[in-house]
Amino acid sequence: MTEIQNPTPRDAFELLLAGNQRFVAGTPQHPNQDAIRRTEIAPSQQPFAVLFGCSDSRLAAEIIFDRGLGDLFVVRTAGHVAGTEVLGSIEYGVSVLGAPLVVVLGHDSCGAIAAACAAADGGSVPGGFVRDVVERVTPSVLTARAAGRQTADEILAEHIEHTVELLLERSRVLAERVADGRLGVVGLSYRLADGSAELVASRGLDAAATAVS
């Protein structure tokens, strides 16, 4: 069972904090991963968070946050670029399933961001639909550089912040729930080497903690 019934946005965020702390420390509990949980949630689901992250194979949400079946409603795209299907999926997790938290999860050494940086520097742009991914990340690169943010970590943070803002600008469902206190939207930057996630953007949380460590 999820530890907190009907969690608030803050409660949901704290559940993620605790799970990531266990993962970083190498002491995962693997909650909600047994046959009892499987049977319990077969009729319906009540995830406590919508996790919108990069598709990178090293970014498995349930492992990073030490959660199990029915805990996270996960949506993933390369570079966590958000089109209409993504927005609809996130809105479903929030408005239909009732999740009180949306998390945008980016990470260091992101191939989509690296490709966008290369394209912005005059390099070649990938072909096919990969080009569309790169073009959707490029505005974050240009915005960061225009503000004097040049390092890889700064550009990553800008892209995560941009995604958080994009979700709230394009989705009235999300924006209204944040405004009335029913939803929190946060952006986390994950470090591949040590497994920690740093909070880089927050909407709808009261005095959110600054890091997951």
**Request:** Multiply the residue separation of ASP206 and ASP180 by 0.36 nm, subtract the distance between their alpha-carbon atoms, and state the gained length in nm to one decimal.
**Result:** 8.1 nm
**Prompt:** Of the chymotrypsin sites (Phe, Trp or Tyr not before Pro) in the stretch 53-102, which ones lie in a loop per DSSP and count no more than 13 other C-beta atoms within 10 Å?
**Reply:** none
**Message:** Please report the carbon-and-sulfur percent of the accessible area for the chain; probe 1.4 Å, protein heavy atoms only, DNA, RNA and ligands left out.
**Reply:** 53
**Fill in**
Under a Gaussian network model of the chain whose springs join Cα atoms within less than 10 Å, the largest fluctuation of GLY128, GLY26, GLY79 belongs to GLY128
**Item:** Mean-position separation - Cα centroids, the stretch 62-111 and the stretch 113-171, in angstrom
**Value:** 19
**Asked** Roughly how tilted is helix 111-120, in degrees to the nearest 10 and between 0 and 90, from the longest Cα axis of the chain?
**Response** 20
**Asked** From the Cα gyration tensor of the chain, with a ≥ b ≥ c the square roots of its eigenvalues, which class applies: rounded if a/c is under 1.5, or else prolate if a/b is larger than b/c, or else oblate?
**Response** prolate
**the chain, dipole about Cα centre (Lys/Arg Cβ +1, Asp/Glu Cβ -1), debye to the nearest 20** = 220
**Message:** Please list SER95, SER44 from largest to smallest accessible area, probe radius 1.4 Å, with all protein chains kept in place.
**Reply:** SER44, SER95
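Once you order the gyration tensor axes a ≥ b ≥ c over the Cα atoms, which shape class does the stretch 67-191 get: rounded for a/c under 1.5, otherwise prolate or oblate by comparing a/b with b/c?
Cα axes put the stretch 67-191 in the prolate bin.
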**Complete:** accessible surface per residue for the chain, probe 1.4 Å, DNA/RNA/ligands not counted, whole Å² -> 47
**Request:** Measure nothing but the geometry: give the 0 to 90° angle between the long axis through the Cα atoms of 9-25 and the longest principal axis through the Cα atoms of the chain, rounded to 10°.
**Result:** 80
**Prompt:** To the nearest 10 square angstrom, how much accessible area does ARG22 have with a 1.4 angstrom probe?
**Reply:** 40
**Prompt:** Taking the chain as a Gaussian network, where each spring joins two C-alpha atoms under 10 Å apart, which residue of GLY148, GLY195, GLY181 fluctuates the most?
**Reply:** GLY148
**Fill in**
For ASP34, ASP121, the accessible-area ranking with a 1.4 Å probe, largest leading, is ASP121, ASP34
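The values are calculated or read from the model by the stated rules, or taken from the named source; none is laboratory data. Owing to the predicted nature of the structure, the values given are computational and were not obtained by experimental measurement. Counting neighbours? That spans all protein chains shown, and the Cβs are built from the backbone with ideal geometry, glycine included. For accessibility, only protein heavy atoms count, side chains too; no ligands or nucleic acids. Shrake-Rupley method; radii C 1.70, N 1.55, O 1.52, S 1.80 Å.
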